[in-house]
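Student: Got a structure here, written out as structure tokens. Questions coming.
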2 protein chains.
Amino acid sequence: MQLPEAKQKFIETWGKLGSEWGINRTMAQVHALLLVTPDALTTEQVMEELSISRGNANMTLRDLMSWGLVEKQLKPGERKEYFYADKDIWNIARQVAKERRKRELEPVLKTLEELVQVKGDKNDPDFKTFNKSMTDINKMSKNVDRMLDTMLKADESWFWGSIFKMFK
Amino acid sequence: MQLPEAKQKFIETWGKLGSEWGINRTMAQVHALLLVTPDALTTEQVMEELSISRGNANMTLRDLMSWGLVEKQLKPGERKEYFYADKDIWNIARQVAKERRKRELEPVLKTLEELVQVKGDKNDPDFKTFNKSMTDINKMSKNVDRMLDTMLKADESWFWGSIFKMFK
DNA sequence: ATAAACTTTCAAAAGGTTTTGAAAGTTTAA
DNA sequence: TTAAACTTTCAAAACCTTTTGAAAGTTTAT
């Protein structure tokens with residue numbers, strides 16, 4: 001396989017994976033494009049490479065910046081804005097974990113906390129089942145939250161090292 | 001908050017979380033309903049509780065079975081099929097991890113393996129960037145894969161215990 | 001064999017999300 | 001100023017996914 005074809009394949013694959021995990025396909029594709037591009041690209045170049053409209057490119061690049069995955073670069077003497085993606089995969093993973101935790105896990109944790117408090121008749125099977133599920137899901141969610149916290153603070157090799165020591 | 005309202009809130013919350021993570025909202029809602037219901041429900045009851053059509057209920061329940069989250073129960077002397085969800089949250093998490101790994105991570109790993117093999121000019125910045133990204137993403141994906149493997153084989157309390165020992 | 005009870009299918013409709021592109025807005029240079 | 005270069009907006013269109021519901025299929029009891 002040649003480089004241009006391989007890039008294309010990566011962009012497709014990353015886009016598909018993104019959409020399976022609730023990330024807009026185009027956003028994942030733009031990110032993939034920037035990941036395999038050594039230097040920063042303009043909106044124009046992103047539009048060109050992926051055959052998408054100006055509006056789409058603009059909005060997607062802003063989204064990627066709000067996720068902390070892409071940064072704007074201004075070159076001296078130039079009006080155009082350039083976009084550059086951090087290529088450090090551990091940083092990327094942490095950044096995504098951090099954002100999804102804040103956007104999605106935290107609100108759920110808050111709701112579960114309320115639902116665990118719901119009182120009812122201890123002999124009512126409906127209540128018993130509800131209460132047990134809420135308690136268990138709440139515990140697991142908190143564990144996930146703590147694991148993410150560990151990951152966010154950790155250095156890559158230390159984190160995986162510790163994980164794999166689990167089965168030494 | 002009263003039990004019926006609380007159930008409703010859980011169903012909503014779980015549905016929203018599901019859709020944020022690429023799982024059909026209705027599927028997550030049906031699963032949530034079964035999680036807070038002590039006994040097995042018929043298609044009819046699911047339709048009723050969530051105000052969805054027969055076709056939708058049928059297809060969603062089959063999907064949940066294919067994910068290994070719900071099982072069909074037949075009661076002696078009855079024609080109707082009943083659907084029951086395993087309430088063990090660790091089992092559920094493992095089952096979801098197992099399926100998503102098989103359906104989504106494995107194909108990506110296979111593609112990355114190919115993309116890492118792509119040869120090119122070591123002085124070409126395009127090639128260097130592509131190759132580094134593929135190598136790094138491949139390594140991280142393999143680590144995730146191994147972590148999932150550990151999780152799938154593990155007992156709940158042992159797994160979290162080991163995770164939290166990481167920061168003792 | 002028949003009919004009632006129940007499940008499955010799938011084309012069409014509804015609903016939701018993403019994309020477009022032209023217009024409006026902004027910044028910079030002269 | 002003015003106008004060129006560039007970015008942002010957003011209503012409408014395109015696209016994609018989900019849902020519906022009636023019809024077809026299946027199973028069981030008589």
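The values are calculated or read from the model by the stated rules, or taken from the named source; none is laboratory data. Computed from a predicted structure; not experimentally measured. Neighbour counts run over all protein chains shown; Cβ positions are idealised from the backbone, glycine included. Surface accessibility is based on the protein's heavy atoms, side chains included, excluding ligands, DNA and RNA. Shrake-Rupley method; radii C 1.70, N 1.55, O 1.52, S 1.80 Å.
Student: Give the residues of the range B:128-159 that are open to solvent by 20 Å² or more (accessible area, probe 1.4 Å) and over 17 Å from A:Glu156 (Cβ atoms), sorted by residue number.
Tutor: At the first step, the residues of the range B:128-159 found to be open to solvent by 20 Å² or more (accessible area, probe 1.4 Å) are B:128-129, B:131-132, B:135-136, B:139-140, B:142-149, B:151-153, B:155-158.
Once the filter is applied, which keeps residues that are open to solvent by 20 Å² or more (accessible area, probe 1.4 Å) and over 17 Å from A:Glu156 (Cβ atoms), the range B:128-159 yields B:Lys128, B:Thr129, B:Asn131, B:Leu148, B:Asp149, B:Met151, B:Leu152, B:Lys153, B:Asp155, B:Glu156, B:Ser157, B:Trp158.
Student: Identify, by number, the condition in (1) within 12 Å of DNA strand D (Cβ to nearest atom); (2) open to solvent by 10 Å² or more (accessible area, probe 1.4 Å); (3) modelled with pLDDT of 95 or more that B:Lys75 doesn't meet.
Tutor: For B:Lys75, the exception is condition (3).
Per-residue answers, yes or no, for (1) within 30 Å of A:Ile11 (Cβ to Cβ); (2) hydrophobic (A, V, I, L, M, F, W, C); (3) away from DNA strand D (no atom under 15 Å from the Cβ):
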position	(1), (2), (3)
A:Met65	yes, yes, no
A:Val70	yes, yes, no
A:Tyr84	yes, no, no
A:Lys102	yes, no, yes
A:Leu109	no, yes, yes
A:Val118	no, yes, yes
A:Phe127	no, yes, yes
A:Ser133	no, no, yes
A:Asn138	no, no, yes
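Student: So which residues in the range A:72-96 are among the hydroxyl-bearing types (Ser, Thr, Tyr) and within 14 Å of chain B (Cβ to nearest Cβ)? Give the steps one after another, and end with the answer.
Tutor: Here is the first cut: in the range A:72-96, the residues among the hydroxyl-bearing types (Ser, Thr, Tyr) are A:82, A:84.
Selection gives A:Tyr84 alone.
Student: Which numbered condition trips up A:Asp63, out of (1) away from DNA strand C (no atom under 16 Å from the Cβ); (2) touching a helix residue (DSSP H, G or I) at 6+ places or on another chain (Cβ under 6 Å)?
Tutor: For A:Asp63, the failing item is (1).
Student: Hey, another quick one. So, of the residues in the range A:39-63 that are within 13 Å of another protein chain (Cβ to nearest Cβ) and within 13 Å of DNA strand D (Cβ to nearest atom), which turns out to be surrounded by the fewest Cβ atoms within 10 Å (Cβ to Cβ)? Please lay out each step first, then the result.
Tutor: Pass one, the range A:39-63, residues within 13 Å of another protein chain (Cβ to nearest Cβ): A:39-41, A:49.
This time we only want the ones that are within 13 Å of DNA strand D (Cβ to nearest atom), so: A:40-41.
Values: A:Ala40: 19, A:Leu41: 23.
Step by step, filter the range A:39-63, then rank; the result is A:Ala40.
Student: Looking at (1) more than 9 Å from chain A (Cβ to nearest Cβ); (2) at pLDDT 95 or above, which is the one condition that is false for B:Lys168?
Tutor: (2)
Student: Looking only at residues in the range B:17-27 that are within 8 Å of another protein chain (Cβ to nearest Cβ) and either aliphatic (A, V, I, L, M) or within 10 Å of DNA strand C (Cβ to nearest atom) (or both), which one is nearest to A:Thr129 (Cα to Cα)? Spell out the reasoning first.
Tutor: Step one: filter the range B:17-27 for residues within 8 Å of another protein chain (Cβ to nearest Cβ), giving B:17, B:19-22.
Keeping just the survivors that are either aliphatic (A, V, I, L, M) or within 10 Å of DNA strand C (Cβ to nearest atom) (or both) gives B:17, B:19-20.
Numbers: B:Leu17: 21, B:Ser19: 24, B:Glu20: 26 Å.
Filtering first and then ranking leaves B:Leu17.
Student: For the structure I just gave you, tell me whether A:Ala85 is away from DNA strand C (no atom under 13 Å from the Cβ), of a type in the set (A, V, I, L, M, F, W, C) and modelled with pLDDT of 95 or more.
Tutor: Values: away from DNA strand C (no atom under 13 Å from the Cβ): yes; of a type in the set (A, V, I, L, M, F, W, C): yes; modelled with pLDDT of 95 or more: yes.
Here the answer is yes, as A:Ala85 does meet what is asked.
Student: Among A:Val36, A:Val30, which is the only one that is within 12 Å of chain B (Cβ to nearest Cβ) and either among the basic types (Lys, Arg) or within 22 Å of B:Asp136 (Cβ to Cβ) (or both)?
Tutor: Details: A:Val30 fails: within 12 Å of chain B (Cβ to nearest Cβ).
So the residue among A:Val36, A:Val30 that is within 12 Å of chain B (Cβ to nearest Cβ) and either among the basic types (Lys, Arg) or within 22 Å of B:Asp136 (Cβ to Cβ) (or both) is A:Val36.
Student: Could you give me the residue pairs with C-beta distances under 6 Å whose first residue belongs to the range A:89-101 and is touching a residue at least 24 places away in the same chain (Cβ under 8 Å) and not assigned by TED's automatic domain parsing to the domain that holds A:His31, whose second residue is part of a helix (DSSP H, G or I) and surrounded by fewer than 16 Cβ atoms within 10 Å (Cβ to Cβ) wherever it lies, and which are 6+ apart or on separate chains?
Tutor: Listed pairs, sorted by first residue: A:Arg94/A:Leu152; A:Lys98/A:Leu152.
Student: Is there a residue in the range A:29-50 that is in contact with a Gly (Cβ under 6 Å, 6 or more places away or on another chain) and not small (Gly, Ala, Ser)?
Tutor: Our first condition is that a residue be in contact with a Gly (Cβ under 6 Å, 6 or more places away or on another chain); within the range A:29-50, this holds for A:29.
Still in the running and not small (Gly, Ala, Ser): A:29.
Looking through the range A:29-50, at least one residue is in contact with a Gly (Cβ under 6 Å, 6 or more places away or on another chain) and not small (Gly, Ala, Ser).
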